[in-house]
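The values are calculated or read from the model by the stated rules, or taken from the named source; none is laboratory data. Remember, predicted model here, so these are calculated numbers, not experimental data. We place every Cβ from the backbone using ideal geometry, glycine too, and count neighbours over all the protein chains shown.
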Number of protein chains: 2
Amino acid sequence: MTAVAQRWIASFSAALARGDAKAAAELFEPDGYWRDLVAFTGTLHTSEGRASIRSTLDRTLAAASPTSWTLTGESPARDGCLIRFETRLGRGIGHLRLREGRAWTLLTALRELKGHEEPAGPRRIQYVSNSRARAKPYVVIVGGGQGGIALGARLKRLGVPALIVEKKARAGDSWRQRYKSLCLHDPVWYDHLPYIPFPDHWPVFSPKDRIADWLEMYVRVMELDYWTSTECLNARPVDGAWQVDVLRAGQPVTLHPTHLVLATGMSGFPSLPAVKGSGAKVLHSSQFGDGAEYRGKKALVVGSSTSAHDIAADLHASGADVTMLQRASTIVVRSQSLLELAWGRLYSEQALAAGISTDIADLTLASVPFRELPKLQKPLYDEIARRDADLYAGLMRAGFLHDMGEDGSGLHSIYLRRGAGYYIDVGASQMIIDGRIKLKHGTVAALDGSRAILSGGDALPADLVVFATGYGNMGEWAAKLISPEVAGRVGPVWGLGSNTKNDPGPWVGELRNMWKPTKQPNLWFHGGNLMQSRHYSLYLALQLKMRQLGGH
Amino acid sequence: MTAVAQRWIASFSAALARGDAKAAAELFEPDGYWRDLVAFTGTLHTSEGRASIRSTLDRTLAAASPTSWTLTGESPARDGCLIRFETRLGRGIGHLRLREGRAWTLLTALRELKGHEEPAGPRRIQYVSNSRARAKPYVVIVGGGQGGIALGARLKRLGVPALIVEKKARAGDSWRQRYKSLCLHDPVWYDHLPYIPFPDHWPVFSPKDRIADWLEMYVRVMELDYWTSTECLNARPVDGAWQVDVLRAGQPVTLHPTHLVLATGMSGFPSLPAVKGSGAKVLHSSQFGDGAEYRGKKALVVGSSTSAHDIAADLHASGADVTMLQRASTIVVRSQSLLELAWGRLYSEQALAAGISTDIADLTLASVPFRELPKLQKPLYDEIARRDADLYAGLMRAGFLHDMGEDGSGLHSIYLRRGAGYYIDVGASQMIIDGRIKLKHGTVAALDGSRAILSGGDALPADLVVFATGYGNMGEWAAKLISPEVAGRVGPVWGLGSNTKNDPGPWVGELRNMWKPTKQPNLWFHGGNLMQSRHYSLYLALQLKMRQLGGH
């Protein structure tokens, strides 16, 4: 394996050294992939197929001037080889999958800029002063959840002055203020922030308050510039930079950063349908607190994704009479099956014991081309369907509509396509199967005193209606904070253009507008789950650092 | 090396298995050492010489029933071999130094109790609830500095209900409220708390506020039971347990723990000599804040250890006219020389790169018998004296009395003997050499208006006198909080009994009364620097856990 890889790298490196993009591209399979994270292209870019690879190389090779290609060895994930290389500006690592001597996938990722390495480990300084003078922010990050915080930490270590503004009163409130029973649905190994891993006694699935407190301490010990109780009112592009008006604890402040990052999260714009009439208390899932308030009450939960299940289970456990209203078929997968069959290979104690650090896991995940992901994921969900046949049969008997995604590619795909549409089962599915959570189809169309009128015309008694009906697109933030024109120019944020439900084409090859330049100069989007916040914050931070160095 | 070690372990293990303490002891050099941390002796105990080793084995072997001795390999510190073994109750690790086939030093250390392992890594649980119910404390820890906090974290992971009471308003205040210019004098690799290492961009020498904030966040994310603004008024032994009266935010509360740990620190009882007359402002070093308040003033700093130097340097840099009053010869060593020649072998980036984890470094340090330490340290300080001859010549010219300890064994020895008497030079020595900090000998005997009268009879103009004259013994806390009788029975706390200044004999072989049972049942002392707080908290926590399990 490594001998073949050694030869491949020698040929690739030689072709690049003589500027022969054609020869380099021919070392790939005809339909091979090259994903680059900032090292060559300066951005996040996937080249699909030889022609695309060649044209990307033609465009980037001279400026990148890559050298010193070295095979580090086979990945401990036993899924390709790890590589190191340098470019004119920096040092990178890579991941290579070969099939019969040709590259099926190559990932190249910039890791640090020469002369601007993070002052860590052997480069740490001896002393800092006790004073904490603040520079004028070069970057303003709107939103202080895990996305804003992880990016803030990366920029801090890179010496890029950045200010995070957070509407809520405390860092972590975006978690703290969610419904009481919320636990992470992703396992702990997947969720670390950069630089300070969670202590190793943390449970596999942390409760929300623990994450909230961790974020709050992280802001403090990483000494981030972080303004709480600060709402971003609007942002205007001015002379290639930004004028950002914020309200800090009630006082207007105007900021003048060069770059603006919207890290406002996927949960900014609750989708709360208009409901005619009056009667039951109506909440969006983001407003729901504690099931204990509804003991003995009749509750309807509209929706069948994660929050709908969590809230219905909490209400049931608290002694409410709960009916879930399902609007559309939903992906349901048992948490334990995901742990064992999906996450476990890269993110688990077993993976750690095999030498797969969080960093290698992230790199391996990043190396899978988005176009290939569904094909690679499908067998895993086929296996889950067999293994958990009892669950799916029970759900079917209970009338719950479930699937594995329109192409059977499961949860990870649908998350990338539309960030919603699934439930990782930690117990609510059995409540549905048992009838402890009742099930109906449709939604609530109107309220009529003590009754809720469903879209199909039926009426149900209801004291509480919770719309766990999700959120609008992250791009709406651009419309709200900047202007509809800018939002329109930028286009949709998130999604791949897979031409599946809620993810219309064209195909992009990367997540749309995430962590990369947009059509609006110096406007960026950052976010996603804890893993994405950790991993992609580095590449966004490097892009910002390069601009700071270049005087942009 | 490892073959010889392999044979030694086979012989040792066989002798122990057949209960042959004599044969086991003969595998040591006649003057060999065996240090045990809780694995055999249930406490911290050093056996010096074959007869002592044999008698300790005779006393402990049957109960310990050690088995499964395994050579892990040569230590990455290239200073002996690492070992694993089991006892009836737990699993341990060890460190072995052989000379010509015989053991010069053996360390055995209990690491976990079978069936009561910390629920971490592969043993982590899947879920915890969001609630934080508190059990009645089995242990009350008085003092919430690094000692109390590290022990609290260990006990938390071991499932021993523990409550930390801290007089000050916030965790970390014991650091936060010290003089403004304070930075750690020990390097960062030496200073980690258990479980959550500092991020790797932290400077080699952290400013005090950073440590303070870290301690505060640590209490929070480790979810310790920690009462701030809570003063311990007194503690009484009652029926083999304790009645502890505290004032929590002004309200009296009585606690009934089984065990009482005094983690009140070395800085509890400022030594502030009586000064006749009146005039200059008089402060103990623990009350000094910021030199900037004394710009243009005449200041006397009495003492020549760390805080005296730091405060004099701060005053000088702030524009005061400073005279240091030296009372006795002091160990002075350049920080950089200590980094390179003393700490660096075990605690540095180079050590980490060589595979010497913090844990292995701690184990290696613990494996050196206290009796051997001065002999091993002396050559190092001889080397420092040669290397920094310019510094010492300069100090001599300036009239500053310095030495390398009475036996030339330097700073680490004197720290263990009396916890004071040295300065790690980060710049103040050059100020003394240059005359920017003036130097006199003696102390301040009286004040007379604008003048201070020195012990030798001279008078100096003075607006400020800072007594950087150290602290009383930690044992004074027992007298104050419990009773003089109990304090008398327990005897001195800290020190080795080396028969050097301020450390009268008899020789003990371990630090007196630290981290081990005292003559007062269920009374313990814990503390020291960050390294000791990290390392010894484990062994104290295991001793407490064993008592909890045994129903004590």
Please work out if residue A:301 is touching a helix residue (DSSP H, G or I) at 6+ places or on another chain (Cβ under 8 Å), closer than 25 Å to residue A:191 by Cβ and outside any loop (DSSP other than H, G, I, E, B). no
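Under 26 Å from residue A:407 (Cα atoms) and over 23 Å from the mean Cα position of the chain (by Cα): does that describe residue A:308?
Numbers: under 26 Å from residue A:407 (Cα atoms): yes; over 23 Å from the mean Cα position of the chain (by Cα): no.
Judged against the criteria, residue A:308 is not a match.
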Pair list, Cβ < 7 Å and 6+ apart or interchain, from the range B:148-159 residues that are closer than 14 Å to residue B:171 by Cβ and at pLDDT 95 or above to residues that are of a type outside the set (Lys, Arg) and in a helix (DSSP H, G or I): B:149/B:215; B:149/B:218; B:149/B:219; B:150/B:533; B:150/B:537; B:151/B:537; B:151/B:540; B:151/B:541
Would the range A:371-378 turn up any residue that is surrounded by fewer than 17 Cβ atoms within 10 Å (Cβ to Cβ), in contact with an Asp or Glu (Cβ under 8 Å, 6 or more places away or on another chain) and either at pLDDT below 95 or of a type in the set (S, T, N, Q) (or both)? no
Look at the range B:177-219 and say how many of its residues are charged (D, E, K, R), more than 8 Å from chain A (Cβ to nearest Cβ) and within 18 Å of the chain's Cα centre (by Cα). 2
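Is it the case that the range A:321-337 has a residue that's in a strand (DSSP E or B), polar (S, T, N, Q) and over 22 Å from residue A:424 (Cβ atoms)?
Here is the first cut: in the range A:321-337, the ones in a strand (DSSP E or B) are A:321-326, A:330-334.
From what is left, the residues that are polar (S, T, N, Q) are A:323, A:326, A:330.
With the extra rule that they be over 22 Å from residue A:424 (Cβ atoms), the set shrinks to none.
No, because not a single residue in the range A:321-337 is in a strand (DSSP E or B), polar (S, T, N, Q) and over 22 Å from residue A:424 (Cβ atoms).
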Condition check for residue A:36: closer than 25 Å to residue A:3 by Cα, at pLDDT below 95 and not in a helix (DSSP H, G or I): no
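Output the residue which, of all residues in the range A:475-495 that are out of contact with any strand residue (DSSP E or B) (no Cβ under 6 Å at 6 or more places or on another chain) and hydrophobic (A, V, I, L, M, F, W, C), is surrounded by the most Cβ atoms within 10 Å (Cβ to Cβ). Give the derivation first.
Within the range A:475-495, the first condition is being out of contact with any strand residue (DSSP E or B) (no Cβ under 6 Å at 6 or more places or on another chain), and the residues that meet it are A:475-476, A:478-480, A:483-492, A:494.
Going one step further and asking which of them are hydrophobic (A, V, I, L, M, F, W, C), we end up with A:478-479, A:486-487, A:490, A:494.
Details: A:478: 28, A:479: 17, A:486: 19, A:487: 21, A:490: 20, A:494: 21.
Within the range A:475-495, the match that is surrounded by the most Cβ atoms within 10 Å (Cβ to Cβ) is A:478.
Looking at B:147, B:152, can you tell me which residue is surrounded by 23 or more Cβ atoms within 10 Å (Cβ to Cβ), in a helix (DSSP H, G or I) and more than 14 Å from chain A (Cβ to nearest Cβ)?
Working: B:152 fails: more than 14 Å from chain A (Cβ to nearest Cβ).
Just one listed residue meets the conditions, B:147.
Do we find that residue B:530 is aliphatic (A, V, I, L, M) and in contact with a strand residue (DSSP E or B) (Cβ under 8 Å, 6 or more places away or on another chain) in this structure? First the steps, then the outcome.
Working: aliphatic (A, V, I, L, M): yes; in contact with a strand residue (DSSP E or B) (Cβ under 8 Å, 6 or more places away or on another chain): no.
No: the conditions fail for residue B:530.
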Matching option when the condition is in a loop (DSSP other than H, G, I, E, B) and either at pLDDT below 95 or among the hydrophobic types (A, V, I, L, M, F, W, C) (or both), among A:492, A:517, A:521: A:492
Failed condition for residue B:457, given (1) surrounded by fewer than 18 Cβ atoms within 10 Å (Cβ to Cβ); (2) within 18 Å of the chain's Cα centre (by Cα): (2)
Looking at residue B:181 and the list (1) of a type outside the set (D, E, K, R); (2) assigned to a loop (DSSP other than H, G, I, E, B); (3) at pLDDT 95 or above; (4) surrounded by fewer than 24 Cβ atoms within 10 Å (Cβ to Cβ), which single condition is not satisfied? (3)
All-but-one check, residue A:244 against (1) away from chain B (no Cβ under 14 Å); (2) assigned to a helix (DSSP H, G or I), failing number (2)
Inside the range A:82-139, can you point out the residues that are of a type in the set (Phe, Trp, Tyr), assigned to a strand (DSSP E or B) and away from chain B (no Cβ under 14 Å)? A:85, A:104
For residues that are under 19 Å from residue A:144 (Cβ atoms) and of a type outside the set (A, V, I, L, M, F, W, C), tally how many sit in the range A:233-251. 5
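Evaluate the following for residue A:196: is it part of a loop (DSSP other than H, G, I, E, B), modelled with pLDDT of 95 or more and either over 24 Å from residue A:359 (Cα atoms) or among the β-branched types (Val, Ile, Thr) (or both)? Spell out how you get there, then give the answer.
On the way: part of a loop (DSSP other than H, G, I, E, B): yes; modelled with pLDDT of 95 or more: yes; either over 24 Å from residue A:359 (Cα atoms) or among the β-branched types (Val, Ile, Thr) (or both): yes.
For residue A:196, the condition - part of a loop (DSSP other than H, G, I, E, B), modelled with pLDDT of 95 or more and either over 24 Å from residue A:359 (Cα atoms) or among the β-branched types (Val, Ile, Thr) (or both) - is met.
Identify, from the list B:188, B:165, B:219, the residue that is of a type in the set (Val, Ile, Thr), without any contact (Cβ under 8 Å) to a residue 60 or more places away in the chain and out of contact with any Asp or Glu (no Cβ under 6 Å at 6 or more places or on another chain).
Numbers: B:165 fails: without any contact (Cβ under 8 Å) to a residue 60 or more places away in the chain; B:219 fails: without any contact (Cβ under 8 Å) to a residue 60 or more places away in the chain.
After ruling out the rest, the residue left standing is B:188.
If I ask for residues that are part of a loop (DSSP other than H, G, I, E, B), buried (at least 17 other Cβ atoms within 10 Å of the Cβ) and within 14 Å of chain B (Cβ to nearest Cβ), which ones from the range A:341-370 would you list?
A:347, A:348
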Do you know which residues across the range B:379-419 are surrounded by fewer than 18 Cβ atoms within 10 Å (Cβ to Cβ), of a type in the set (A, V, I, L, M, F, W, C) and within 30 Å of residue B:527 (Cβ to Cβ)? B:401
Being within 13 Å of another protein chain (Cβ to nearest Cβ) and of a type in the set (A, V, I, L, M, F, W, C) is the filter; apply it to the range A:155-165 and report the residue that is nearest to residue B:203 (Cα to Cα). A:158
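Would you confirm whether any residue within the range A:330-350 is in contact (Cβ under 8 Å) with a residue 60 or more places away in the chain, in contact with a strand residue (DSSP E or B) (Cβ under 9 Å, 6 or more places away or on another chain) and over 30 Å from residue A:303 (Cα atoms)?
First pass over the range A:330-350, keeping only residues in contact (Cβ under 8 Å) with a residue 60 or more places away in the chain: A:330-335, A:338-339, A:342-343, A:345-349.
When the remaining residues are screened for being in contact with a strand residue (DSSP E or B) (Cβ under 9 Å, 6 or more places away or on another chain), the result is A:330-335, A:338, A:342.
Subsequent filtering for residues that are over 30 Å from residue A:303 (Cα atoms) retains none.
No - not one qualifying residue is present in the range A:330-350.
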Out of everything in the range A:460-489 that is farther than 26 Å from residue A:321 by Cα and polar (S, T, N, Q), what residue ends up being modelled with the lowest pLDDT? A:473
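If a residue has to be in a helix (DSSP H, G or I) and under 22 Å from residue A:307 (Cα atoms) to count, how many in the range A:385-422 make the cut? Don't jump to the end; show me each part of the working.
To start, the set of residues in the range A:385-422 that are in a helix (DSSP H, G or I) comprises A:385-387, A:389-397, A:410-418.
Next, from what is left, pick out any that are under 22 Å from residue A:307 (Cα atoms): A:391-392, A:394-396, A:410-418.
Final tally of qualifying residues: 14.
Restricting attention to the range B:494-519, which residues are β-branched (Val, Ile, Thr) and touching a residue at least 60 places away in the same chain (Cβ under 8 Å)? Steps first, answer last, please.
Quick first cut of the range B:494-519, residues β-branched (Val, Ile, Thr) only: B:500, B:508, B:518.
Answer for the range B:494-519, where residues must be β-branched (Val, Ile, Thr) and touching a residue at least 60 places away in the same chain (Cβ under 8 Å): just B:500.
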How many residues are of a type in the set (Gly, Ala, Ser) and in contact (Cβ under 8 Å) with a residue 24 or more places away in the chain if we restrict to the range A:383-403? 3
The conditions are (1) out of contact with any Asp or Glu (no Cβ under 9 Å at 6 or more places or on another chain); (2) at positive phi; (3) exposed (fewer than 15 other Cβ atoms within 10 Å of the Cβ), and residue B:256 fails exactly one of them. Which is it? (2)
